[in-house]
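Just so it is clear, none of the values below were taken in a lab; they were calculated from the coordinates. Because the structure is predicted, anything quoted here is derived from the model rather than measured. Cβ placement follows ideal geometry from the backbone for every residue including glycine, while neighbour counts extend to all protein chains displayed.
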Amino acid sequence: MTSSVRPLLNRRLAEFGTTIFAEMSALALRTGSINLGQGFPDTDGPEEVREAAVRALRDGRGNQYPPGPGVPELRLAVAAHQERRYGLTYDPDTEVLVTAGATEAIAAALLALLEPGDEVVALEPYYDSYAACIAMAGARRVPVTLRPDGGRFRLDLDELRAAVTDRTRLLLINTPHNPTGTVLTREELAAVAELAVERDLLVVTDEVYEHLVFDGAEHVPLATFPGMRERTVTISSAGKTYSFTGWKVGWVTAPPALVTAVRSAKQFLTYVASGPFQYAVAEALALPDSYYADFRADMQAKRDLLASGLKEAGFEVFTSAGTYFITTDIRPLGESDGFAFCRALPERAGVVAIPNAVFYDHKDAGAPYVRFAFCKRAEVLQEAADRLRRLAP
Ligand SMILES: *Cc1c(COP(=O)(O)O)cnc(C)c1O
């Protein structure tokens, strides 16, 4: 009926009609495969944090609309975390905003800060919500492709520089980087910062994997570089750090004018969310350093378990220096089309993965790469690794 008049989905969103995650999760279910597609843990976070949420619910804290900027306890805890870990001071009243996960923070930041026609330079491959939110804002994305180099995906600083034009409004950065597992080096970050300052750009930086960096590496927030604090919207969330992805508690730290702008959009998206969970996350943020060290060591062991299985199966495995994910190259297996490979993998090996091409505008550049999530129990990863070995020539 409507199709003869015009498509239902508007032009800005038409290209985002279906998500690969739905297709691949359905495929996993249908074939009884191990789902290493979507990135969520198969075990919950710390018991004391879960209990803190129960206590908040029982005590009637957060069961009604929490304050628009977030409950004061959580804003204080976020500010204290930024200060303790990175030496970044933010005023909990004017420089911290609680959101419905990092997802809402990204959407609100882009909707608030972009005019139609503005250009956004983003690292490709990118987290799927970036492209959609840039499109909803009527802006244009300008991808800078991360390319394999020496076992990791590297940011080409000349390409980044060349991507900035007079229409560029902001840089959208993600480190540690999903899906490649790259952690931008201090040199790369310094160059991003210099460029932002030189061209007077805003920076939105998605740092949800800030606590998931491996092999003794260190996460360095972009806001710590000279001239950056004043122009940077830093986004993080509790989902990945505390293994409660269903709670959807995220936050923004930025100077007052930027927080005010982001809040202007945020108030008309969810207004507020996750009341009792906000109190629980405030307690989580105060967990001792040992929690983070144990969490990191545990995830690193999972990474190693899956990586060795993938190597034995014949994949080229890129170093995952952070995040939940390993990106592989399927060409050593005699394959070149990640989509076809992932559609066939459940039948061939009983495992589901995601073709990285879905995270690219330059589909060809992403074609041979496939992403596996390792945020699963060791026995699940072991079974997946055993199954994948069947692919070995
Ligand atoms: C998971 C993820 C998010 C979303 O975080 P939520 O807090 O669950 O909304 C944002 N960015 C990246 C890179 C992610 O991997």
How about the range 261-296: which of its residues are more than 14 Å from G45 (Cα to Cα), touching a residue at least 60 places away in the same chain (Cβ under 8 Å) and among the hydroxyl-bearing types (S, T, Y)? S264, T270, Y271, S274, Y279
Single residue of E335, E347 found to be assigned to a loop (DSSP other than H, G, I, E, B), surrounded by fewer than 24 Cβ atoms within 10 Å (Cβ to Cβ) and not aliphatic (A, V, I, L, M): E335
Which fully enclosed helices (runs of 4 or more DSSP H) of the range 76-182 have 2 or more residues being in contact (Cβ under 8 Å) with a residue 24 or more places away in the chain, of a type outside the set (G, A, S) and within 16 Å of the ligand (Cβ to nearest atom)? 101-113, 128-136
If you go through the range 354-377 one residue at a time, do you hit one that is crowded, with 24+ Cβ neighbours inside 10 Å and more than 20 Å from the chain's Cα centre (by Cα)? no
Residue selected from the range 37-58 under the condition part of a loop (DSSP other than H, G, I, E, B) and away from the ligand (no atom under 16 Å from the Cβ), by the criterion surrounded by the most Cβ atoms within 10 Å (Cβ to Cβ): P46
Within the range 1-36, residues being basic (K, R) and assigned to a helix (DSSP H, G or I) number 1
Can you find a residue that is crowded, with 18+ Cβ neighbours inside 10 Å, more than 21 Å from the chain's Cα centre (by Cα) and part of a helix (DSSP H, G or I) anywhere in the range 315-332? no
Of (1) in contact (Cβ under 8 Å) with a residue 12 or more places away in the chain; (2) in contact with a strand residue (DSSP E or B) (Cβ under 9 Å, 6 or more places away or on another chain); (3) loosely packed, with under 14 Cβ neighbours inside 10 Å, L29 satisfies all except one. Which? (1)
Residues in the range 268-310 that are under 30 Å from L111 (Cβ atoms), among the aliphatic types (A, V, I, L, M) and buried (at least 18 other Cβ atoms within 10 Å of the Cβ): how many? 7
